[in-house]
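Some notes on the structure that comes next.
Each reported figure results from applying straightforward, stated rules to the coordinates on display, with no laboratory input. Quick caveat, the model's predicted, so the values are computed rather than measured. All Cβ positions, glycine included, derive from the backbone under ideal geometry; neighbour counts span all protein chains shown.
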Amino acid sequence: MMNNVTNIPIPLPREGKAICRQIYGGHPFGIFYGDNPLQYSVPIMLLELSILMIITRILRFLLKPLRQPRVVPEILGGIIMGPSILSRSKKFHAYFFPDNAEFVLKNIGVLGFMYFLFISGVKTDLTVVTKARKKHWYIALISTVVPLICTISVAIPLRKSMEKELAKASSILGTATLFAMSTFPVLQLIIKEFNLLSSEIGRLTMLIAVISDIIGINCVIAFEAAKQEEAKSSAALWYILSLIVVMASIFGGIRRAMLWIVKTTPVGKPVDQIYVIAILLGVMVVGFVTDMLGIAIANGPLWLGLAVPDGPPLGAILVEKSETIVMDLLLPFSFTYVGLITDVSSMSSNWPVLQPIFLMALTGCITKIIATLLASRFFNMPLKEGLAVSLILNLRGQVELLLFIHWMDFKMITIPYFTMLVLLTTIVTAVVTPLFSILYDPTRPYMVNKRRNIQHNPPNTELRIVASILHEESVGGIINLLEVSNPTTNCPLSVHAIHLTELIARAAPIFIDHEKEELDFEQTNTSPVHKALKLVEDAWQEEIKMHYYTSITAKRSMYQDICELALLKKASLIVLPYHKEQAENNTEREGVKKRVPSINSDVLDHAPCSVGIFVHRGSPKRHLVGISSMESIFHFAVLFLGGADAREALTYADRMAGDPNVSLTVVRFLSNDNEGDDMMEKKLDDGLVTWFWVKHERNCQVIYREVVVNNGQETLAAIRGMSYNNYDMWIVGRMQGINPVIIQGLSDWSKHSELGVIGECLASTDLGSRASILVMQQQILRG
């Protein structure tokens, strides 16, 4: 058997000495052969990664109640692995981080930072700067320039107490820039993690961060050029020339090639794998070139990412193929690399030297908060929101860690400085995140105390509806529901249709009002939807007015755009589609609900108006397709179980009953001897039902019945008996105010479902009904 350890003498210059170093083999034969796995490089590397992930996961679990972002436990995990804690044991460090293994780990760590910046660049759309208003520019400039000037002002008097390299003008500019700027890649990840992408604060801070990054990048370039000039007078000139050549090659040459790839890729088809592999390998090539030319190794990957056309098809597949590997595999090596440099014990006797840079960091943080807050108040932002923006712009993470490593390469800072900066980064982010979470609730604007529902909508006035469209197959059901809502000239429908598209390979969400912005954007996805809605508007002319919007955002944030639109347009109803697969096969609903219902549930929880969830199951013989085919009678049934939701359902059905082509059956369920009734709810129900009956007493197409039941089983039996009447649509209230006796025993149906107990029963295949279902929830006053 070959020995796994070889002693190789390494020749040094004549005045040096020969060193015998252990070279570790790749893989062991196995412990049964007497091999120690920790004497082989691959098992050591895998064990290092495993331990770090276990530590990080434990920390994430422990810190979750404190609302800590992912980056905090990851940094702490690296610190725990380093000489601050575990590696203080010489035996642990010798086994897990021998010289050769540490060298490999650090290189993989740098590679992780490179690909992180590349992905961040792919997701970033610099054209959003063109949409920035005066408010964004002023806040961004003030929140960056003021801290920069203040930090430099503090640093100048303290130069004498700084170390020689750090006291140089170029070093002061570099450190002050870092403390003053907000880095978009870090902010975007944390904002997305806390589901603030589509919130007003989220959009504002990300736009400000992009502008701040542009200012910061120019300052970093000036810092790099000054450092080159310090080494050699002509080096700064060559640095600038190299920078121009590299950027021209990336944005002028490589980007054109990428645009050609996008152009030659068939619509709806993925980009050829050879191009994807070439671009991902190009990250390392560009990193090598920029490092060779003295342009920091991370700059090239970032610029290459910015050159990639954002969104599908190229940007989307690059992010899809690489993001998980980078974030969950490569970046842990990066945090371990940071942790191996960080040594808390090194700070103990160096405070006099560390004090100047600590004061600079403190000045940058405080002045950034004050400057941002004052600027936001100047533009009449509420105090809490302005303070939240100030705190978010102080978040720190991966980009700052990479710059600290870069400063170590320049010998600007030593291990004590590095340790303090890493700890400050972690502390600031750990403190700021829960603070802005307390100050800003993205759902707070939707908590209105004015009634916005169908029941209280004034008669003979416009009914405003927000229609949510997730996929093209949702359009038909939405159109059918609108057409049977009895739109008239005196009581028209104003429909705000929002087409929701998942955010892929973009960092910032996009909201498009197609009446205001003529954008050739995602036409392959949006035009069929808008074309279908336009046909409806043309057919109904004055009765239905259509307004079109497209929202491109993360699924977790889609409900925010829906609720925000309903709030701004003062809508009385939000219509949400319920997927066909969910209605047809309720036994498999758990697997299907992972895709859509989370959006519906969030809207139900936060909507500023009433909500209707529509399960469209129209058959070819009974398909509501428009005014040209509305010659037959359509049979609708209202199941009135009492409560606010049931009253909303009956009011909407009353509107439909005004159409002569609609036949309506209303069945009211009552408990025996009024058992379990809430008397206030009962009075409200009686009043509305009496009004409805008096109004339609002479209408032969409206039938009203009452059913007395003792429990949920009798309720279900009565509904099952009605299912043989071949109704076209069931209309039912969701859950508010239902007498518990009426649904007693129906515990098999989840009461937390977006359809409610009775809605779930109707959607079940056990009922045998093919009718569509409309589940109504009346507005919940939360203000």
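Brief remarks on what is shown
- Rg(Cα)/(2.2 N^0.38 Å) for region 49-439, N = residue count: 0.98
- Averaging 1/r over each pair of different alpha-carbon atoms in the chain and inverting the result gives 30.1 Å, the Kirkwood hydrodynamic radius.
- ILE325 paired with ARG133, simple spin-label distance in nm, labels 7 Å along Cα-to-beta-carbon: 4.3
- For region 411-487 and region 645-685, distance of Cα centres in Å: 33
- Per residue, the average separation of C-alpha pairs within less than 8 Å and at least 6 apart gives region 111-268 a relative contact order of 24 percent.
- With a Förster radius of 35 Å applied to the C-beta separation of ARG705 and SER598, the computed FRET efficiency comes to 0.40.
- Residue-by-residue Karplus 3J(HN,Hα) for region 610-616, coefficients 6.51, -1.76, 1.60, Hz, glycine and proline x: 6, 10, x, 9, 10, 9, 8
- In Hz, Karplus ³J(HN,Hα) per residue of region 121-127 (6.51, -1.76, 1.60; θ = phi - 60°; x = Gly, Pro): x, 4, 6, 7, 10, 5, 5
- For region 266-390, the equivalent ellipsoid derived from the alpha-carbon gyration tensor has semi-axes of 38, 27, 15 Å in decreasing order.
- Here the relative contact order of region 49-439, from alpha carbon pairs under 8 Å that lie six or more residues apart, stands at 32 percent.
- In this entry, region 118-206 is assigned a mean projected area of 7.6 nm², taken as a quarter of its C-alpha convex hull surface.
- Relative contact order for the chain, counting Cα pairs under 8 Å that sit 6 or more residues apart, in percent: 13
- Of the chymotrypsin sites (Phe, Trp or Tyr not before Pro) found in region 436-508, not one falls in a DSSP loop while having at most 14 other beta-carbon atoms within 10 Å.
- Counting other Cβ atoms within 10 Å as a rough exposure proxy, the listed residues LEU66, LEU359, LEU774 run LEU66, LEU359, LEU774 from fewest neighbours to most.
- Test item: Cα-centred dipole of the chain, Lys/Arg +1 and Asp/Glu -1 on Cβ, debye: 2040
- Rg/Rh ratio calculated on Cα atoms of region 124-275 (Kirkwood radius): 1.07
- Whether region 415-474 is rounded, prolate or oblate, judged on the alpha carbon gyration tensor where a/c under 1.5 counts as rounded: oblate
- Dipole magnitude for region 49-439: about 700 debye, using +1 per Lys or Arg Cβ and -1 per Asp or Glu Cβ, origin at the Cα centre.
- A cut-off of 5 Å between modelled amide H atoms, ignoring neighbours fewer than 5 places along the same chain, links VAL666 with VAL638, ILE703, TYR704, ARG705.
- Anchor LYS232: aspartates and glutamates whose Cα lies under 15 Å away (excluding residues fewer than 8 positions away in-chain): GLU224
- Backbone phi angles across region 243-248, fed through the Karplus curve with coefficients 6.51, -1.76 and 1.60 (θ = phi - 60°), yield HN-Hα couplings of 4, 5, 5, 5, 5, 5 Hz in residue order; Gly and Pro are listed as x.
- When the listed pairs LYS531/LYS569; LYS192/LYS368; LYS534/LYS569; LYS123/LYS555; LYS134/LYS263 are checked against a 25 Å cut-off, the alpha-carbon distance exceeds it for LYS134/LYS263.
- Of the residues LEU166, LEU46, LEU117, the one with the fewest other Cβ atoms within 10 Å heads the list, and the complete ranking is LEU46, LEU166, LEU117.
- Sorting ILE357, ILE217 from the fewest to the most surrounding beta carbons within 10 angstrom yields ILE217, ILE357.
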